[in-house]
């Protein structure tokens, strides 16, 4: 199963990192579960701000304004995390794997498919319930720019697709 059809193109933020002779095979955004902690903090902060506003309502209004300003800062941090998530992609081409991250400071981690000596994925209980996993990549080199890719959607399908690319069927004919 191909997660990106051959006619599709990668997002512009990713396409500029692809070589002219590369064909994109898979392009996925990280699973939204990467935002679970920020969502929990914003909702928890909202509840705490509401409770504190009611308990100190009889006291100075300055304290209440500081509470809500703190929550607005937390909300701004959450919006930033969502914006970062929206531009992070995991791309697999016919020659390499790329992980692009960052909104202002762009980071592109890459590993050639030919250099991958071992690949596995792991799924926690939360990952199995929500549908995400983590790829763990190893190569012959000591220091790797791309060694783990957490919060990937469809990890089993991605794993099988990448394994098929790394270890192609030598017995298949070109007609298949």
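Computed from the coordinates by the stated procedures, all read-outs in this text should not be read as laboratory data. Everything numeric here is computed off the predicted structure, so don't read it as measured data.
Values as computed for the structure displayed
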| read-out | value |
| --- | --- |
| Over the chain: Kirkwood hydrodynamic radius from C-alpha pairwise inverse distances, Å | 18.9 |
| Residue-averaged 222 nm ellipticity for the chain, from DSSP H runs of 4+ at -39500 (n - 2.57), nearest 500 | -12500 deg cm²/dmol |
| Globularity ratio of the stretch 36-83, using Cα Rg and 2.2 N^0.38 Å | 1.22 |
| Rounded tilt (10° steps) of 61-87 against the dominant C-alpha axis of the chain | 10 |
| Added length on full extension, which subtracts the Cα-Cα distance from 0.36 nm per residue, residue 13 to residue 164 | 51.7 nm |
| Listed residues 44, 102, 127, most fluctuating in the chain (Gaussian network, C-alpha, under 10 Å) | 44 |
| Candidates 13, 147, 65, ranked by Gaussian network fluctuation over the chain, Cα under 10 Å, top entry | 65 |
